[in-house]
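**Student:** Structure provided below as structure tokens; questions to follow.
The values are calculated or read from the model by the stated rules, or taken from the named source; none is laboratory data. Computed from a predicted structure; not experimentally measured. So basically every Cβ, Gly included, is an ideal-geometry build from the backbone, and we count neighbours across all protein chains shown. Remember, those area values only see protein heavy atoms, side chains included, never the ligands or the DNA or RNA. Shrake-Rupley method; radii C 1.70, N 1.55, O 1.52, S 1.80 Å.
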Amino acid sequence: MNRLTRAFETMASQGRKGLVGYLTAGDPNMAESERRMRDALDSGVDILEIGVPFSDPTADGPVIQAAALRALNMGATLSKTLDLIARLRQDCAQPIVLFGYANPFFRYGYDALARDAAQAGADGLLIVDIPFEERGEIAAALTKRNLANIPLVAPTSAPERVATILETASGFVYAITVKGVTGRRDDSLPDQAEQIRAIRACSALPVAAGFGIGQGTQAAQAAQTADAVVVGSALIEAAQAGRLADKVRELRTALDSLSSRRT
Amino acid sequence: MKTHPDSHGHFGPYGGRYAAETLMPALLELDQAWRSAMADPAFTAAFHEQLRQYVGRPSPLYRAQRLTERAGGAAIYLKREDLNHTGAHKINNTVGQALLAQRMGKKRLMAETGAGQHGVATATAAAWLGMQCQVFMGETDMARQAPNVRRMELLGARVVPVRSGTRTLKDAMSEALRAWVACVDDTFYVIGSVAGPHPYPVMVRDFQRVIGDETRRQILEQTQRLPDAVVACVGGGSNAAGIFYAFLDDADVRLVGVEAAGLGEETGRHSASIRRGRPGILHGSKSYVLQDEHGQILNAHSISAGLDYPGVGPEHAAWADAGRVEYVSVTDAEALAAFHELTRLEGIVPALESAHAVAEAVRRAGTLDRDGIVVVNLSGRGDKDMETVTGTATT
């Protein structure tokens, strides 16, 4: 069984909400980025989402844009990101997913990518700018290597479209909470109960809510309907300030208080 | 060989819709609205009426006598898109897209711009139809095309400076896509080239094909024959697609796209995406892209802001692979020389973008007999380039 499926089943059986932590590979350099990722996993991140830096990240806000730029300036590449995963996999049991944009994956070759990512110990792939209409080729490559083809569902996706997207999806569903780019917001999140209902109506896959979640209160709010929350920009900012573990623990505490209240 | 994309906008292996999921419903809605509009005789009639009344079409096809003599070969004809309202071909497309936005009930337009010509044309269409307008422009381009920034602001548009990357067209388009995600419900994104996710490449080509349709008719009227070659500059490729489209089935007409060689293709500081790029995915479609071996997009360079872009429209990629269009390149220096030559010989100041096509047209005309005909798409006028040209002249 895929590590992702197992992780979500375990969390469900324990009544816990999942914390998906995003960090950009190679930010600020490969060695420090590996330390940060281990730190995040040790402090309570359930699933590690590793961003593959891209020169033109059109779905990302300023924090992740800057992280990608720092990484690229220090020579980060997709190959080095896969090497990083292999090193983490030697002693980390948590699921690891790659998050990125189409062109570095396309350039690498979808079959080669799926082969090497599986070999490195990755569990799935999230691609921001390949909607399901264009997914056929890469989805086939992922399936062959038992990697999850993780779909993104947006607040603008109508229920019929959600159903179509989820037909070929695996791993979990990434529900984008806000109309906008990544990055934390200070205001409260829009109500996503309806969006998550539409997802649950047509799929048994677990749902992770992401974009705009940076504080414990926001994480707890999103986790009321979702199975997990994704936090990215806030982790990068915390890591830059040397407070990554504290930030992860803050989010963990918020999610755990919610879980224990509900059980 | 007319090219038609499949229902998802694929020209063979190119094109498609590589967009964030948040934008997909808007792109599908746009595709439907565009197809319904183009099938509605009332819409196409209104579009062509406005091209006449508001844009000032048809633009002349002018025989450039002194330029022809200088080239010493085939007759050179200029398709005078520089005489359109706002001074470039860009207005054809923005009038079309703004009318479509109005039909869809959208109240706000947004656009990216490089040279500022598309930004000015979008701001103009917004003022004309009483819509709000926001234009994303790289800071570098705002400096080198300052007159166009002032024009956009006079027209009531808000010009948003883009400070990421090289602060040029690529970054402006990335930022526009980011901004569109946040306002996709009420805002129509007016893309200025035959690039971006489907349906933009085919929609923009359809709004620009009037250039080639007129040219083909005009050259037959004036010379009773088709030209030997049609030459146009290619950044994203909208003026070239617009003039080439009418001639695709005329096998004897050579179609020549001119990319910006910048400081020279061998220096790596150029914008020759087709000649030097590889297939890749950028800004919503698959096409030739300037990129490194790891799939990171490279910075383009050209003296002309409108050609300074590391990608190209997917239909051009398909034409290049099929060998129907020949893609050549012209350096900054050659374009500047052509800029001065056309200005002095004909009293026509071309945009630096169009000067690339002029340089190639003169070169090519010189290799042809005197009874030959070369048509060049003079896609815009050069008022906006005064600072660049005089700045370069003094260094």
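**Student:** Which of the listed residues, B:199, B:331, B:268, is farthest toward the dipole's positive end in chain B, when Lys, Arg count +1 and Asp, Glu count -1 at the beta-carbon?
**Tutor:** Projecting each Cα onto the dipole axis, the largest value belongs to B:199.
**Student:** Additional query: Residue B:286: which lysines have alpha carbons under 27 Å from its alpha carbon, excluding same-chain residues fewer than 8 sequence positions away?
**Tutor:** A:80, A:144, A:179, B:2, B:90, B:170
**Student:** Per residue and in Å³, how big is the convex hull formed by the alpha-carbon atoms of the protein assembly as shown?
**Tutor:** 145 Å³
**Student:** Next up: Can you give me the long-range amide H partners of residue B:196? Hydrogens built in the peptide plane at 1.01 Å from N, cutoff under 5 Å, separation of 5 or more residues or another chain.
**Tutor:** Here B:285 satisfy the definition.
**Student:** Residue by residue, what Karplus-based ³J(HN,Hα) values in Hz, rounded to whole numbers, does region B:144-154 have, using 6.51, -1.76 and 1.60 with θ = phi - 60° and x for Gly and Pro?
**Tutor:** Those phi angles translate into 7, 10, 3, x, 5, 5, 5, 4, 4, 5, 4 Hz.
**Student:** Provide the convex hull volume over Cα atoms per residue for chain B, in Å³.
**Tutor:** Dividing the Cα hull volume of chain B by its residue count gives 126 Å³.
**Student:** DSSP loop GluC sites (Glu not before Pro) in region B:250-346 with at most 14 other Cβ atoms within 10 Å of their Cβ, which ones?
**Tutor:** Qualifying residues, ordered by number: B:293.
**Student:** If you don't mind, another one. For chain B, take the longest principal axis of its alpha carbons; what is the angle in degrees between that and the long axis of helix B:90-103, to the nearest 10 within 0 to 90?
**Tutor:** Helix B:90-103 sits at roughly 20 degrees to that axis.
**Student:** Measure out, as a whole number of angstrom, how far apart the alpha-carbon centroids of region B:196-269 and region B:326-394 sit.
**Tutor:** 15 Å
**Student:** Leaving out same-chain residues fewer than 8 places away, which aspartates and glutamates sit with a Cα under 13 Å from that of residue B:79?
**Tutor:** Correct list for residue B:79: B:213, B:214.
**Student:** Next question. Below 8 Å, C-alpha to C-alpha, sequence gap of six or more: please give me the relative contact order for chain A in percent.
**Tutor:** Worked out over chain A, it gives 22 percent.
**Student:** On to the next question. Between region A:190-258 and region B:1-54, what is the C-alpha centre distance in whole Å?
**Tutor:** 38 Å
**Student:** Next question, about the same structure. Take the Cα atoms of region A:85-126, find their three principal axes, and give me the spread along each one in whole Å, biggest first.
**Tutor:** Per principal axis, max minus min of the Cα coordinates gives 30, 16, 13 Å.
**Student:** Sticking with this structure for a sec: If you place +1 on the Cβ of every Lys and Arg, -1 on the Cβ of every Asp and Glu, and leave all else neutral, what size is the dipole of the protein assembly as shown about its Cα centre, to the nearest 20 Debye?
**Tutor:** The dipole of the protein assembly as shown has a size of about 620 debye.
**Student:** Using a 10 angstrom cutoff on alpha carbons, build the Gaussian network for chain B and name the most mobile of B:180, B:34, B:128.
**Tutor:** Maximum fluctuation in the GNM of chain B, among the listed residues, is at B:128.
**Student:** So, one more: Residue A:17: which aspartates and glutamates have alpha carbons under 13 Å from its alpha carbon, excluding same-chain residues fewer than 8 sequence positions away?
**Tutor:** A:9, A:46, A:227, A:256
**Student:** Please give the residues from region A:138-169 for which the solvent-accessible area of heavy atoms, probe 1.4 Å, is smaller by at least 50 Å² with all protein chains in place than with the chain isolated.
**Tutor:** Those residues are A:156, A:161.
**Student:** So what is the diffusion coefficient of region B:199-278 in µm² per second by Stokes-Einstein at 10 °C and 1.306 mPa s, using a Kirkwood Rh over Cα pairs?
**Tutor:** The estimated diffusion coefficient comes to 116 µm²/s.
**Student:** Related question: Any idea what the dipole of chain B comes to, in debye rounded to 20, about its Cα centre with Lys/Arg Cβ at +1 and Asp/Glu Cβ at -1?
**Tutor:** I would put it at about 600 debye.
**Student:** Treat region A:3-262 as a sphere of radius equal to its Kirkwood radius over Cα pairs and apply Stokes-Einstein at 4 °C in a medium of 1.567 mPa s; give the translational diffusion coefficient in µm²/s, rounded to a whole number.
**Tutor:** 72 µm²/s
**Student:** Another one. Under 8 Å for C-alpha pairs, at least 6 residues apart: give me the relative contact order for chain B, rounded to a whole percent.
**Tutor:** 21 percent
**Student:** With every protein chain present, what is the per residue accessible area of region A:3-262 (1.4 Å probe, Å²)?
**Tutor:** 36 Å²
**Student:** Suppose every Lys and Arg Cβ carries +1 and every Asp and Glu Cβ carries -1, with no other charges. What dipole size does chain A come out with about its Cα centre, to the nearest 20 debye?
**Tutor:** 500 debye
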